[in-house]
Amino acid sequence: MAELRSKIVKLAKMVGGIAGAMNKIDENAPEYYALNRIVSDEMADVALAIGLRQPRTLDYIVHKCGKSREETHRILMKLAEAGVCKVWIDKTDGEDRFFINIFAPGMLEMMVNNREQLAAYPELGKAFEEYTRLRLAPIAPLFPEGLAMMRVIPVESAIKDLPGTKPWERLSYYLDKYDTFSVSDCSCRQSRRVIEEGCGHLEKDICIQMGTGAEYYIRTGRGRQVSREEAENILKFAEDNGLMHEMPHTDGLGESAAICNCCGCSCFSMRIATLFKTPDAIRSNFTAEVETNKCTACGQCVQNCPTNALKLGQQLCAKQPLPREGEPTARDHVWGEKNWDKNYRENRKDVAREGTAPCKSACPAHIAVQGYIKLAAQGRYQEALALIKAENPFPAVCGRICPHECESECTRGEIDEPIAIDEIKKFIADKELDEATRYIPPMRYHLGNRIAIIGAGPAGLSCAYYLAIDGYRVTVFEKQKVLGGMLASGIPAFRLEKAVLHAEIDVLRKMGVEFKTGIEVGKDITLPALRSQGYEAFYLAIGAQGGRVLNMEGEDARGVVTGVDFLRKVNLDPETEVVGKVIVIGGGNVAIDAARSAVRKGAASVSLYCLESQEEMPALEEEIREAKMDAVDFANGWGPKRILTENGKAVGVEFKRCSSVFDEEHHFAPQYDETDTITMKADTVILSIGQSIQWGNLLEGSLIKLGPGNTVLADNLTYQTGEPDIFVGGDCYTGPKFAIHAIAAGKEGADSIHRFVQPGQTLTLGRNRREYHTFDKENIVLPDMGFDNAKRQHPIYSQEKKDSFADARQTFTEEQLKKETERCLGCGAVFVDSYMCIGCGMCTTKCRFDAIHLKRTYNSVPDTYEKLPVKIAANAIQRSGKIAAATVKGWLGKD
């Protein structure tokens, strides 16, 4: 073991301050190994001469260290460059001042913000992480409210109208106070990057320095000078993207050198709240409160809360409320490592124990259904569209084809009929059809990495949309000549008119996404070739484009076609004709679409045979109803035995009776009666008994492995495959599902790709798992509707379009929309954990309904760092009394 350098030990003890005073300095101490790496003995001599937290002149330091003026100045500038001391020009005499701050907040940030130095010595980032964790842990419970070295400062709009707000509690106070500003990279996120613990929030140009702090950052190249207006824009950008504000408060009331724009998943100061669960130390004087009668449980505030203090719960009363188990807090309990939330970067919960609104929980994309319904009710259609597209870039498409699991679970259905959620969404989303009212999201970054997406179906397009928001150069490769995947080739126009699909794809074009059609990756170009062209990540979203067969007699005859192949031909070749009798085999939505398409293409008759009873058919109820309107004949409880042929041409099908049986896991397990058969004539037989995934040569030479049904094996959270730069989503990962499942997967894929291509980011840390669950409907008190017996609105069918490939279902009128939105019960609401709330006000910027506000709860006043030990001691005495009282109360409760 190398001998410790005594001067570095002495310097480490000096800058350790309160946090490091009681700790042994050895070679593993973060303050030691960081300083040891970048500070020479002569630099340490000069730093020790300056002393801690006293601005010194050059003359003073020369006198103290006994070196020449020129030598001292040279060493001082090396210290400033390294981040050990801060330098600025004093306005009173025009001379430099040199200042040694505590290790954190202060010196470590300056060390890390020297980009070249951090690249050369990444252990500086490790030291920042370790120091702020190891040294703050013992004292975190001891800080009085808001008196840690960093303190939250609220979003100004959240407190602008609150009486009694002090000037120094407002960001504008500091922008008015100082005349010099700079912007730098976030030192916490830089450190996370070099130790490969990044959360996906990027570090570039996000933290603001002011006054002497800005002068130092500009002078040493750590930051670039910005105007006040630019500083305000950076603060606005941070708020728009869920980054809350903190400031170092060590220099006295109303004094600070910086405004940090922090995320809860990487910020080292925020760990006082999130890891140690001692939020009092850094909180502002405010706490959030929710007006539940206004809240729509849209979840935007919940997703952006840095401490997970907000959760989605239920608005409706419970017959038997779940007992709320009060968790101990550091205010009145002995606090230690057993009380920490060590997995806070991975165990975030968006939903309270009792559950929340079923519409948001049931939706695979967890769209804010209750929120956009309320916005539509208020006529705020563009805002409603933006809210939907936060989770689903194709609302106009989904408004026409979605299986609307949200409606199936809607609480209003317990009273009469569910809300017509899809029809409301369709009304809102039809704004996408008009170029003047489309919603195109603002670009967040201009990152520029090249990403290749293979497949232009819903998963691939969704992934492209969310990557484009961050300014990635996205190219979508599509084997077919048309875009949309199964949306274009597998869904008939009477359900999804292609103009609707094209309008929403056109939004992606305007966002900069490039499309290359008629190119089959694996045949026309390979993945390795694309890598060589500079593509840094790939998203495989080829869907389940093939049909399935039953391997029974006669299925290879002419006149036999799979459902997906039939629909593709109908969709892509307008001249397709169908003659004679058609038999469709299958009971899902593809079978229904094939049957209805055959009717429109001239079939003399169309009959649909399936194993299930009509009640058990997997097809949606409205699809079955509309097929009957189209004169499709249903024959339930029959399975195909063989296809009859003459001269290689199908002429009929022999069926056998099927009884519906379900196994223990409720999987359909039919039982056949081979003796009970019928024979039906047919000119065309359409097999719609499932879809298959056809990879071609796409995966040739890769490490990707396939599982059941030819699906790709990948991580179920990140969608990363056996090839680190290849991600997957949609039907080729899950097997055939609905478009909304693929759309949700596309967004998650975009998140993973973003994290993958950005250096030092993990795929999992700080990632929202989006785990939702619904409240117990049997335990809610349904409202007495009284006079509100409004019936569900239904779309009007155009008789002129009924027998054509045009969509006969008309969009709601505005009057229908208003009536339908009024039927919503408003089941969900957000609730605040007032202990974990740090009063940042981020939630208020996300609420579109003025339902969440800050209120003054505390009256702490920051002071100088030098007075902090006395205040900690006084608080420790008060806290000891509270701990004793809580302990006695616990004993009495046990008795």
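With the simple model of a label 7 Å out from the Cα in the direction of the Cβ, ARG657 to ILE519 spans 5.8 nm.
Residues of the stretch 241-281 falling in the label zone of LEU162, defined by backbone nitrogen less than 16 Å from a point 7 Å along Cα to beta-carbon, are 244-247, 280-281. Scoring 501-508, 736-743 by mean Cβ neighbours within 10 Å over their residues and listing the highest first yields 736-743, 501-508.
Checking the Cα-Cα distances for LYS10/LYS867; LYS747/LYS801; LYS91/LYS871; LYS160/LYS425 against a 26 Å cut-off, the pairs over it are LYS747/LYS801; LYS91/LYS871; LYS160/LYS425.
Sorting check: for 252-264, 110-122, 799-811, 269-281, which peptide has the highest mean count of neighbouring beta carbons within 10 Å, and how do the rest follow? The partial results should precede the final answer.
Numbers: 252-264: 22.0, 110-122: 19.2, 799-811: 14.7, 269-281: 24.6.
Packing order, densest peptide first, comes out as 269-281, 252-264, 110-122, 799-811.
This model, with +1 at the C-beta of Lys and Arg and -1 at the C-beta of Asp and Glu, gives the stretch 1-153 a dipole about its Cα centre of some 260 debye. When the Cα positions of MET43, THR132, ALA119 are compared along the charge dipole of the stretch 11-160, THR132 comes out farthest toward the positive end, with charges on each C-beta of Lys, Arg, Asp and Glu.
Would you work out the charge dipole size for the stretch 138-194 about its Cα centre, treating the Cβ of every Lys and Arg as +1 and the Cβ of every Asp and Glu as -1, and quote it to the nearest 20 debye? Walk me through the numbers before you get to the answer.
Working: 8 positive and 7 negative charges, 53 e Å.
In debye, rounded to 20, the stretch 138-194 gives about 260.
Neighbours of THR475 by Cβ distance under 10 Å: Lys/Arg scored +1, Asp/Glu scored -1, total +2. Take the alpha-carbon centre of the stretch 431-482, take the same for the stretch 698-761, and report the distance between them in whole Å. So the separation of the two Cα centres works out to 17 Å. With 29 Å as the limit, the listed pairs LYS818/LYS855; LYS236/LYS855; LYS360/LYS846 have LYS818/LYS855 beyond it between alpha carbons. For the stretch 274-359, the solvent-accessible area works out to 44 Å² per residue, with a probe of 1.4 Å and every protein chain left in place.
Note on the stretch 564-714: Cα convex hull, mean projected area over all directions, 12.0 nm².
Tell me which trypsin sites (Lys or Arg not before Pro) from the stretch 345-374 have a DSSP coil assignment and no more than 16 other beta carbons within 10 Å of their own.
Values: sites: ARG345, ARG348, LYS349, ARG353, LYS360, LYS374; in loops: ARG345, ARG348, LYS349, ARG353.
Those satisfying the criteria are LYS349, ARG353.
The length gained by stretching the chain between ASN28 and ILE89 to full extension, at 0.36 nm per residue less their Cα-Cα distance, is 18.3 nm.
Cross-link partners of LYS67 among aspartates and glutamates, defined as those whose alpha carbon lies under 15 angstrom from its own and excluding same-chain residues fewer than eight positions apart: ASP41, GLU42, ASP45, ASP59. Just check the stretch 784-848 against the gyration tensor rule for me: Cα atoms, a ≥ b ≥ c as the square roots of the eigenvalues, rounded for a/c under 1.5, and otherwise prolate or oblate depending on whether a/b exceeds b/c. In terms of gyration-tensor shape, prolate.
Could you rank ASP725, ASP332 by how accessible they are, 1.4 Å probe, largest area first? If you can, show how the numbers build up before the last one.
On the way: ASP725 20, ASP332 50 Å².
Ranked from most to least accessible, the order is ASP332, ASP725.
Highest-first packing order for the peptide set 221-227, 539-545, 452-458 is 452-458, 539-545, 221-227, based on the mean count of other beta carbon atoms within 10 Å. With the charge dipole of the stretch 441-562 set up from +1 on Lys and Arg Cβ and -1 on Asp and Glu Cβ about the Cα centre, the Cα lying farthest toward the positive end among the listed residues PRO441, PHE515, GLY559 is that of PRO441.
Rounded to the nearest 20 debye, the dipole magnitude of the stretch 395-474 is 720 debye, with +1 charges on Lys and Arg beta carbons, -1 on Asp and Glu beta carbons, and the Cα centre as origin.
Can you give the Kirkwood hydrodynamic radius of the chain from its Cα pairs, in Å with one decimal? Each step should come with its number before you reach the end.
Working: mean 1/r = 0.0324 Å⁻¹.
Over the chain, the inverse of the mean reciprocal pair distance is 30.9 Å.
Quantify, in whole percent, the carbon and sulfur part of the accessible surface of the chain (1.4 Å probe; protein heavy atoms only). Can you show the working numbers first?
Details: 18550 of 37070 Å².
Heavy-atom surface of the chain belonging to carbon and sulfur, 1.4 Å probe: 50 percent.
How many lysine pairs does the stretch 628-735 hold where the Cα atoms are under 16 Å apart and the two sit 8 or more places apart or on different chains?
Taking the stretch 628-735 as the scope, the lysine pair count is 4.
For the chain, adding -39500 (n - 2.57) for each run of n ≥ 4 DSSP H residues and dividing by the number of residues yields -9500 deg cm²/dmol at 222 nm.
What accessible area, in Å² to the nearest ten, does a 1.4 Å probe give for ARG548? Rounded to the nearest 10, that gives 120 Å². Counted over the stretch 1-88 with a bin width of 5 Å, the fraction of Cα pairs per bin, in whole percents, is 3, 14, 26, 24, 17, 10, 4, 1.
Ordering ALA390, GLN300, THR645 by Cα displacement along the dipole of the chain toward the positive end leaves GLN300 in first place; charges were set at the Cβ atoms of Lys, Arg (+1) and Asp, Glu (-1).
Separation of the stretch 297-323 and the stretch 1-71, taken as the distance between their Cα centroids, equals 50 angstrom.
Counting every alpha-carbon pair across the stretch 453-599, the share separated by more than 21 Å comes to 51%.
The values are calculated or read from the model by the stated rules, or taken from the named source; none is laboratory data. Because the structure is a prediction, the values reported are computed rather than measured. All Cβ positions, glycine included, derive from the backbone under ideal geometry; neighbour counts span all protein chains shown. Just so you know, the surface numbers come from the protein's heavy atoms only, side chains and all, with ligands and any DNA or RNA stripped out. Shrake-Rupley method; radii C 1.70, N 1.55, O 1.52, S 1.80 Å.
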